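First comes the structure, then the notes that go with it.
The values are calculated or read from the model by the stated rules, or taken from the named source; none is laboratory data. Please read these numbers as outputs of a predicted model, since none were measured by experiment. We place every Cβ from the backbone using ideal geometry, glycine too, and count neighbours over all the protein chains shown. Just so you know, the surface numbers come from the protein's heavy atoms only, side chains and all, with ligands and any DNA or RNA stripped out. Shrake-Rupley method; radii C 1.70, N 1.55, O 1.52, S 1.80 Å.
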Amino acid sequence: VQLQASGGGLVQAGGSLRLSCAASGRTFRSYTMGWFRQAPGKEREFVASIRWIGLYTMYADSVKGRFTISGDNAKNVVDLQMHSVKSEDTAVYYCAARVVAGDSRDPREYGYWGQGTLVTVSS
């Protein structure tokens with residue numbers, strides 16, 4: 001199974017950016033897909049997740065109201081729409097998949113990871 005993230009780039013503060021992640025490879029069904037990010041010198045942190053059953057979403061407080069996670073379970077695709085970006089949103093963004101039941105903000109509980117896509121917010 002491979003997760004391919006795309007859509008990163010340079011964006012001005014206050015602007016918008018959309019990240020996408022697609023899973024490919026052997027057939028698998030994820031329970032939850034999420035986005036995490038890691039800034040230089042910092043630990044990887046939770047950004048948002050979507051549980052396919054009921055389309056339940058969770059967000060980090062730092063992005064709530066600015067970012068929206070959405071996706072298509074049948075296609076194993078998840079997107080992250082980012083609005084009103086700030087300099088502190090600069091990081092490498094990773095998509096991840098969790099195949100066991102339960103919601104989690106802990107990156108250790110996600111078993112599949114994409115390669116990351118860099119988002120740089122200029123002020």
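Descriptive notes on the structure:
- Condition met for S20 (out of contact with any Gly (no Cβ under 6 Å at 6 or more places or on another chain) and among the polar types (S, T, N, Q)): no
Listed here are the residues, each with its yes/no results for (1) without any contact (Cβ under 8 Å) to a residue 24 or more places away in the chain; (2) out of contact with any helix residue (DSSP H, G or I) (no Cβ under 9 Å at 6 or more places or on another chain).
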| residue | (1), (2) |
| --- | --- |
| S16 | no, yes |
| L55 | yes, yes |
| S62 | no, no |
| G65 | yes, yes |
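- Scanning the stretch 18-34 for residues that are assigned to a loop (DSSP other than H, G, I, E, B), among the hydroxyl-bearing types (S, T, Y) and either open to solvent by less than 20 Å² (accessible area, probe 1.4 Å) or closer than 20 Å to M82 by Cβ (or both) gives a single hit, S30.
- Contact map, the stretch 96-123: residues that are without any contact (Cβ under 8 Å) to a residue 60 or more places away in the chain and under 16 Å from E45 (Cβ atoms) paired with residues that are exposed (fewer than 12 other Cβ atoms within 10 Å of the Cβ) and of a type in the set (G, A, S), Cβ distance under 8 Å, separation 6+ or inter-chain. Pairs shown: E109/G102.
- Considering only residues in the stretch 39-57 that are more than 11 Å from the chain's Cα centre (by Cα) and either of a type in the set (A, V, I, L, M) or outside any loop (DSSP other than H, G, I, E, B) (or both), the one that is surrounded by the fewest Cβ atoms within 10 Å (Cβ to Cβ) turns out to be G54.
- Test: residue in the stretch 1-17 that is in a loop (DSSP other than H, G, I, E, B) and at pLDDT below 95: yes
- Among the residues making up the stretch 58-77, those that are open to solvent by less than 50 Å² (accessible area, probe 1.4 Å) and modelled with pLDDT of 95 or more are M58, Y59, A60, V63, R66, F67, I69, S70.
- Verdict on Q12 being in contact (Cβ under 8 Å) with a residue 24 or more places away in the chain, polar (S, T, N, Q) and either over 20 Å from R108 (Cα atoms) or surrounded by fewer than 12 Cβ atoms within 10 Å (Cβ to Cβ) (or both): yes
- Count of residues meeting criterion [within 19 Å of V119 (Cα to Cα) and touching a residue at least 12 places away in the same chain (Cβ under 8 Å)] in the stretch 43-53: 6
- Scanning the stretch 84-123 for residues that are over 14 Å from the mean Cα position of the chain (by Cα), of a type in the set (A, V, I, L, M, F, W, C) and either closer than 16 Å to G7 by Cα or part of a strand (DSSP E or B) (or both) yields V85, V121.
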